[in-house]
Amino acid sequence: MSHIFLSYSRDDADWMSMIRTYLEKLGLNTWVDERRLNTGDEWWQVIKNSIEQACCVIVLLSPTANTSEWVQKEIDHALTCGRQVYPLLIRGNAQAESTIPPALANLQWTDIRAEFTRMDAVVRTIRERHGTACGEVKLSTPPVLNEIKATVVAVMGVRGGVGKGTFVACAAQLLAEKGDEVVIVDFDLESSGATNKAMTRPGTVRPPVKTIYDHFAPYALRFENHRGPESEQLWNITPTYLQERGLGNIWLVPAADTARVRASFEVIANIPVPREKTVLNVTYEVLNRIQRVRPQAKWILMDCGAGTNPIYSAAFVAARYRYMVILPDSSFFNQIATIKAEHVTRYPEESGVAQVNIVVNRISSDEHKYQTAVLKPIGFIPEDPTLQADDFQQPIDFDLGYSAVLEAIHRALNASFDMEDRKRLPKEENVRLLPWLNPVLRNRLASRLLNDKLFKRTTLLLYGVTIGSAVVTVLVVAAALILKLLQSLQPLATSEISAVSTPVQTAPQIDLVLVLTGIAATLAGAYFLREQLRKRALLRRVVVMENTESEIEQYALLRKLIHGEMDMSRGTLHWFNQQVQKAQQADKSARSHQVAKYEAKLTFQDQNSDIPSAIQLSSESWRSLDHFSTQGSIDDDDET
């Protein structure tokens with residue numbers, strides 16, 4: 001069996017070592033002159049023989065290689081023997097004559113200075129042209145395990161920042177609202193959005209567990225020594241409102257331990273090509289882990305990132321439902337086609353991988369809908385500036401409002417699910433009630449308002465004003481009648497009455513003003529008292545709902561309340577809605593304060609921990625990492 005001859009300059013020995021390791025990991029044979037010393041004609045004959053026996057020659061291009069006598073001689077002999085030469089640019093300026101040897105000026109070279117993954121294309125070309133002459137490519141792949149019983153959903157964004165994480169979080173809470181166990185898999189190794197959100201959720205138990213990074217690392221070059229946690233347990237990230245109501249739990253498989261590794265997404269780039277089978281099998285390995293640890297899980301949501309990372313294609317192959325979140329911007333349209341084409345290219349035998357449901361986020365006008373109609377989206381999510389602002393401060397819990405977004409995502413899921421899976425979604429009318437139901441039940445809002453001292457004092461005051469005004473009015477009317485009666489019974493002596501005629505004549509006028517004032521005060525007090533009593537009656541009915549254990553009855557009572565079937569005035573319902581919104585805002589502020597306090601505690605623990613984190617690495621450690629990263633290498637940062 002033949003081999004691949006590597007031609008390089010002695011100053012480029014680090015690159016040579018990395019490329020040789022990469023090729024040999026793939027099962028390709030290599031021959032390298034590691035002496036790089038001029039030992040005479042006898043050694044040159046050995047090199048010539050090796051070139052003649054090689055299936056091809058890889059030349060590492062750099063300014064020092066261009067001035068190396070050995071490299072020039074090896075290139076000339078390879079071309080003379082008719083060997084195929086593959087130039088790889090590793091250093092220098094591609095446009096400068098000092099980098100590219102004249103003998104190779106007409107050959108196509110591959111620039112791997114910044115993207116080592118371009119070696120994949122070189123290996124593919126070698127395999128196509130030379131077959132197994134240079135060695136048979138060997139892949140270390142995990143076995144495909146059992147069939148997945150849970151329903152798998154994959155969600156990705158066309159770009160970062162389109163709201164993909166919000167879609168996943170909302171979908172998970174909607175499915176858990178029905179009582180099902182939901183697992184989120186953070187496949188976004190680049191930004192680890194779901195993992196970072198979980199890190200800021202107070203009360204979340206985050207033991208060291210096997211991450212997505214840990215699953216893929218054993219199959220990647222230069223990551224062989226990686227040792228992550230062995231525990232397959234999951235993080236419980238269930239929002240408090242679901243826990244308190246005893247509904248479904250939400251679990252998380254984190255993307256990576258961001259305190260121990262950096263640039264974790266590069267582990268995928270180091271999986272030998274063709275990597276599609278390996279990546280897909282590791283994906284099924286993750287899904288089967290979930291099935292072992294949480295056999296009751298009904299839904300698995302794969303939170304993919306944005307772009308064309310190979311693991312997103314694998315997630316779409318494994319998923320039953322596939323979603324792509326975009327913004328109402330025409331620049332996204334071509335990217336959708338590009339991403340679909342990548343999925344099909346990687347897994348051509350999987351016909352369903354290109355069947356993607358498009359969801360348009362942050363719709364603010366009908367014009368946005370018209371612009372994206374050509375994509376045939378299954379859902380439009382309205383823009384919610386409050387949600388976007390809150391998302392930067394704390395994990396989003398949909399019991400705090402965001403009703404329009406919640407309903408839109410529910411409609412999108414309902415439009416794409418089959419008939420059986422639609423039954424596992426909450427009813428649409430119940431989704432509208434969630435922002436009311438959760439604060440009322442969790443905070444026992446009606447009970448608190450009924451027992452509020454100010455509410456009680458206001459009721460007593462209105463009783464007092466109404467009854468007091470009525471009593472005073474009656475007394476004034478009675479006094480006026482008595483006075484008039486007395487006047488009619490008195491004899492009218494002209495001389496005696498003339499002195500007192502003036503006050504008697506003004507008495508009816510004074511009595512009339514007092515009577516009208518009393519009547520007005522009585523009517524006003526009666527009006528406000530009626531509204532206050534309506535509020536109290538409403539709160540008492542809601543208290544019945546709070547004390548009802550059956551969720552079906554709770555929804556029924558709340559539905560009657562909101563739809564006006566309880567004979568409540570519009571003003572009373574508006575008042576109660578204001579109280580719900582105030583409760584939501586207070587709860588939101590309290591949670592934001594908890595998150596800030598929790599993050600400060602974690603920061604303090606990190607600064608005083610004996611375990612080095614990523615920011616506590618020594619300068620020598622970082623320099624050793626940067627040695628390869630600045631040269632275009634992809635290294636395992638975890639082992640520093």
Apportionment of accessible area to carbon and sulfur, region 150-201, percent (1.4 Å): 51 percent
Residue 364-residue 105 pseudo-label distance in nm [points 7 Å out on the Cα-to-Cβ vector]: 5.5 nm
Pairwise label distance in nanometres, residue 29 with residue 404, each label 7 Å out on the Cα-Cβ vector: 6.9 nm
Inter-part distance where region 274-320 and region 521-540 are each reduced to a Cα centre, Å: 59 Å
Förster radius 41 Å - calculated FRET efficiency between residue 389 and residue 13 (Cβ-Cβ, nearest 0.05): 0.15
For region 251-354, alpha-carbon Rg over 2.2 N^0.38 Å: 1.16
Gain upon complete extension [residue 244, residue 527; 0.36 nm per residue less C-alpha separation]: 97.9 nm
Of the trypsin sites (Lys or Arg not before Pro) in region 375-436, those whose Cβ has at most 11 other Cβ within 10 Å and which sit in DSSP loop: 423
Members of 210/423; 210/298; 164/340; 369/582; 197/453; 210/376 lying beyond 29 Å, as alpha-carbon distances in this model show: 210/423; 369/582; 197/453; 210/376
Distance histogram in 5 Å bins (all Cα pairs of region 153-265, percent per bin): 2, 11, 21, 23, 18, 13, 7, 3, 1, 0
Heavy-atom accessible surface of region 203-301: percent carbon and sulfur, 1.4 Å: 49 percent
Accessible-area value, residue 226, 1.4 Å probe, nucleic acids and ligands omitted, Å²: 20 Å²
Heavy-atom accessible area order for 257, 11, 384, 399, largest first, 1.4 Å probe: 11, 257, 384, 399
Per-residue SASA entry for residue 366, accessible area with 1.4 Å probe, Å² rounded to 10: 90 Å²
Label-point gap, in nm, between residue 456 and residue 81 - each point 7 angstrom along Cα→Cβ: 9.9 nm
Nonlocal amide H pairs with residue 297, under 5 Å, H built at 1.01 Å: none
Local net charge near residue 154, Cβ-Cβ under 10 Å (Lys/Arg +1, Asp/Glu -1): +1
Under-5 Å amide H pairs with residue 302, H placed in peptide plane, nonlocal only: 153, 154, 155, 185
Average accessible area per residue (Å²) across region 283-374 - probe 1.4 Å, nucleic acids and ligands excluded: 40 Å²
Centroid-to-centroid separation of region 389-417 and region 336-387 [C-alpha atoms, Å]: 17 Å
Net lengthening on full extension, residue 520/residue 570 (0.36 nm per residue, minus Cα-Cα): 15.6 nm
Environment charge of residue 357, counting only residues whose C-beta is closer than 10 Å and scoring Lys/Arg +1, Asp/Glu -1: +2
Size of region 293-345 as Cα extents on the principal axes (Å, biggest first): 42, 26, 16
Amide H contacts of residue 86 (H built 1.01 Å from N, under 5 Å, at least 5 apart or other chain): 57, 58, 59
Whole-angstrom gap from region 174-228 to region 41-115, using each part's C-alpha centre: 44 Å
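The values are calculated or read from the model by the stated rules, or taken from the named source; none is laboratory data. Quantities reported herein were computed from a predicted structural model and do not represent experimental measurements. Reconstructed Cβ throughout: ideal geometry from the backbone, glycine too, with neighbour counts over all protein chains shown. Heads up: the accessible areas ignore ligands, DNA and RNA and are worked out on the full protein's heavy atoms, side chains in. Shrake-Rupley method; radii C 1.70, N 1.55, O 1.52, S 1.80 Å.
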